[in-house]
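Since the structure comes first, as structure tokens, the remarks are kept for the end.
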Amino acid sequence: MSDAAVAGLRAGIRARVRLVGSAAAVGAALGVVAAGALAASSGDVEAGTRTAFALGALVLGFGVLGWSGSAMVGDSVETAQRYMATRTDWTERDSRRAMARLSGAGAGAMLAVVAVRTVLLG
Amino acid sequence: MSTDTPDRTDAAAAETDRRGLLARLRASPFLSELLSNRLAVVGLSIILAIVLIAVYARLFLDPGALASSRLGTGIPDRHPPGWASSVPADRYLFGTDAAARDIFRRCLYGAWLAMLYGTITVGTSTVLGVGLGVVAAYYGDVTDNVVMRTMDVLLAFPPLLLALALVAVFPRELGLWRAVIALTLVYTPRFARVVRGAALKVLEDEYVDATVALGASDPRVLVRHVLPNCLAPITVQSTLNFGLAIIDLAALSFLGFGAQAGTPSWGLMLSNGVNNGLLTGKWWLSFFPGLFLAVTVLGFNLLGDGMRDALDPRMREAVD
Amino acid sequence: MVSTRFLLKRALLLVPVLFGVATLVFAILHLAPGDPARVIVGQRASQAQVEEVRRQLGLDQPLWRQYLQFLWDAARFDFGQSYSIKKGGTVRSVLIDRLPVTIELALYGQVAGIFIGIPLGIVSAVRQDSLTDHLTRIGALTGISVPIFWSGPLLILLFATYLDVFPTSGRIDSTLFLPDHWTLFGTELPLTGMVTVDTLLLGNVEAFLSAVHHLFLPALVIGIYSTALISRMMRSSMLEVVRQDYIRTARAKGQGAKITLMKHGFRNALIPVVTVIGIQFGTLLGGAVLTETVFGINGMGLTIVTAIGDSDYPVVQGTVLTFALLFTLVNLLVDVTYSYLDPRIQQ
């Protein structure tokens, strides 16, 4: 592999990591807030963190499914749109970026909630 | 520039609006085109008839009496319609069900339930969809991308399977509301997509830019300029989806995740028909509630198709 | 030729799809109210018994550990034992019993939809605004407006109860018994679980006819819906293609209108239809849920409805993941068909 190709690959990876990473940071913050709010309202740290973790898993699952779904039927949808001349702005790339953000946020929330729980309950 | 103060211009404009409303409606290309579409007029008539039935049922029929069993009161159970048997033709117009309840009255009351819960479902998802769509269109960029692509993924799920998955999440005690909430979430993305499409077209128009330049704050622009221009596509989308919402609500009731046992909802009556009349040939248990359901849905589909055709072509693209 | 690389890439997507679905299912069931342990032991059991079952199922573990354990189980398609549908039986055995039933039903419904819907759509497009076109379109609109849980009962009442030409339920005559394996060149092989296939493998023509006889009405009900969808799609796709330039060019070169249409139009018009068939497969599965409930067919659809009603969580998990697997495989199949039709797709 040429140096240019390696550099290109690195830049691509870095951009993706940044996309998912910033989403994960947002997700982590939201996860901690959600866990805190849920724990405070129910008065039970264990139950609060459980619900927050499950909510994070919901977002992660949705994101990953949406990401792979976009990759799976993306061509089909774009072709169908081309042939049917329906103008929507749906593109596979856009969809995958959005879903990668969601997945990152969900995973971030799950990790943060686990960390919070470990600190509080050991 | 006119010498009027801004306030007076607004008041004058409002006055013109009010006086001209009827005339403008009559001259509206949308309405005249819609009314010249024969199928759409048929659909509209069906819907009006069902609404009348619903209102009648709500005012004059007692839901408690329709829900409770009539067994042991001398009324025969699973009796065929009067005109199809030996009793006087006007007795038991649609026959009686397994609990000796009058199917005709139950079908009428079913119209009220279908219209009521259909309106709640479609109304709530319209409001949620409008919120999400307008926000996505107005803020653009990452917000737009994440919100709309999420809606697209939700749209890709088969509606009934998604509704079933959601129904499983909510507590059983919610009864029919469980189905309503699930379907509201299933339908919201459709409205978000339409509204975003329409809102983007409005925002492209220069006068919104001009309003923003003049210092109008975000919510004001949205409420005063974007929303009124999205009304037509929203109405079309609501009509098209009303029929689907009624079918899906009935389907969930049919599968046992909607209306509580005994409720005179069409879906539940169909389920009773399958359980009590299929093998023994008691056709009236299934036929009449299904007929009401299918005709109502056909009415909404016909009107919705006609409305879509009558819509401004620029907006038509947004409605699927 | 379809490139293997393209297909491999598609096949690999199965992994994230199933991971995503598994995570979603895990999240949904943990957000849902109700305690699985309480479902298993019943309402009258003591709190100690509930705690005991919770420990057995690992529900007392931290949620992240349960999540990892669940992913590991899901990867092996092991969802433990059913709570109520087949008490004590593994979820896997429930799925093995019922998946072929649904595949068979969906397959015939889909095939009927394709073989009736596509010709109808073409005729409708070629004779645009003719009586045939109007009838086809009204028929399609009716097919979409009439819910399966009404058309199904009516067809049963008419053809099974009154006319007695079709059975009301079941998959094969109750007097017929099929062995549990078939023999090819002296080796015993397991059966597929799809009766119309099995009876042929066994060479039992009488049983095959009985199976077709039993499957006819449910496949018809589910087929009406997909016929309506496909004919609508085919019609508009065909009209769209005819409007495009190259057809006009071809026609200007002097070829007959009909041949032009067939040669150029059909193949291109088919592309969006094929893709839609893949995407619509999910709707077909939704239709299978209703059809199985109406006809009392013990497939995946009836299973998931019963499992949700009974809070049989392991079965719900297994069924949902199987649905996702099925959907992905069908779309993989669509991809293959599609890259034959549209050579441009093989990057």
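The values are calculated or read from the model by the stated rules, or taken from the named source; none is laboratory data. The structure presented is a predicted model; accordingly, all values stated were derived computationally and were not measured. Ideal geometry is used to build each Cβ from the backbone, glycine not excepted, and the neighbour counts take in all protein chains shown. Side chains included, ligands, DNA and RNA excluded: accessible areas come from the protein's heavy atoms. Shrake-Rupley method; radii C 1.70, N 1.55, O 1.52, S 1.80 Å.
A few remarks follow.
- Each residue of segment C:327-335 is assigned a 3J(HN,Hα), and the resulting list reads 4, 5, 5, 4, 5, 5, 4, 4, 4 Hz, derived from the Karplus form 6.51 cos²θ - 1.76 cosθ + 1.60 (θ = phi - 60°), x at Gly and Pro.
- Highest-MSF residue in chain C out of C:204, C:268, C:298 [GNM, Cα springs under 10 Å]: C:204
- Accessible surface calculations at 1.4 Å, restricted to protein heavy atoms, place segment B:53-319 at 39 Å² per residue.
- Residues whose placed amide H lies under 5 Å from that of residue C:181, excluding near-sequence neighbours: none
- Packing around the peptides C:272-279, B:137-144, C:217-224, taken as the average count of other Cβ atoms within 10 Å per residue, puts them in this order, highest first: C:217-224, C:272-279, B:137-144.
- Relative packing of peptides A:21-30, B:95-104 - highest average C-beta neighbours within 10 Å first: B:95-104, A:21-30
- Taking a ≥ b ≥ c as the square roots of the Cα gyration tensor eigenvalues, segment C:43-119 comes out prolate, since a/c reaches at least 1.5 and a/b is larger than b/c.
- With an a/c value of 1.5 or above and a/b not larger than b/c for the gyration tensor axes a ≥ b ≥ c computed over the alpha-carbon atoms, chain A is described as oblate.
- Principal-axis tilt of helix C:131-145 within chain C, Cα atoms, nearest 10 degrees: 10
- Our coupling estimate for segment C:176-193, obtained by passing each phi through the Karplus curve with A = 6.51, B = -1.76, C = 1.60 and θ = phi - 60°, is 9, 10, 9, x, 9, 8, 10, 10, 10, 6, x, 9, 8, 10, x, 7, 7, x Hz, Gly and Pro reported as x.
- Average beta carbon contacts from partner chains per residue of C:62-69, 10 Å cutoff: 5
- Against chain C, whose longest principal axis is taken from its Cα atoms, helix C:63-75 shows a tilt of about 50°.
- Legend: mean number of C-beta atoms from other chains within 10 angstrom of residue C-beta atoms, peptide B:288-296, equals 3.
- Rounded to the nearest 10 Å², the accessible area of residue C:132 at probe 1.4 Å: 60
- Among the residues of C:80-87, the average count of other protein chain beta-carbon atoms within 10 Å of the residue beta-carbon is 0.
- Inter-label distance for residue C:168 and residue C:333, nm, one decimal - labels placed 7 Å from Cα along Cα-to-Cβ: 3.3
- With Cα atoms defining each centre, segment B:52-106 and segment B:220-268 are spaced 28 Å apart in the structure.
- Note on chain A: with a GNM built from Cα contacts shorter than 10 Å, the maximum mean-square fluctuation among A:105, A:71, A:52 falls on A:71.
- Mean sequence separation of contacting Cα pairs (under 8 Å, at least six apart), scaled by the length of segment A:3-121, corresponds to a relative contact order of 42 percent.
- Global geometry of the protein assembly as shown, whether rounded, prolate or oblate, following the gyration tensor of its Cα atoms and the 1.5 cut on a/c: rounded
- Here the sum of -39500 (n - 2.57) over DSSP H runs of 4 or more residues, divided by the residues of chain A, equals -33000 deg cm²/dmol at 222 nm, to the nearest 500.
- As a rough guide to protection, the peptides B:267-278, A:56-67, C:330-341, B:150-161 ranked by mean Cβ packing within 10 Å, highest first, stand as A:56-67, B:267-278, B:150-161, C:330-341.
- Within the listed set C:292, C:51, C:104, the Gaussian network model of chain C (springs between alpha-carbon atoms below 10 Å) gives the highest mean-square fluctuation for C:51.
- Taking the C-alpha atoms only, the angle from helix C:47-57 to the longest principal axis of chain C is near 50 degrees.
- With each label modelled as a point 7 angstrom along the Cα→C-beta vector, the residue C:52-residue B:56 pair spans 6.2 nm.
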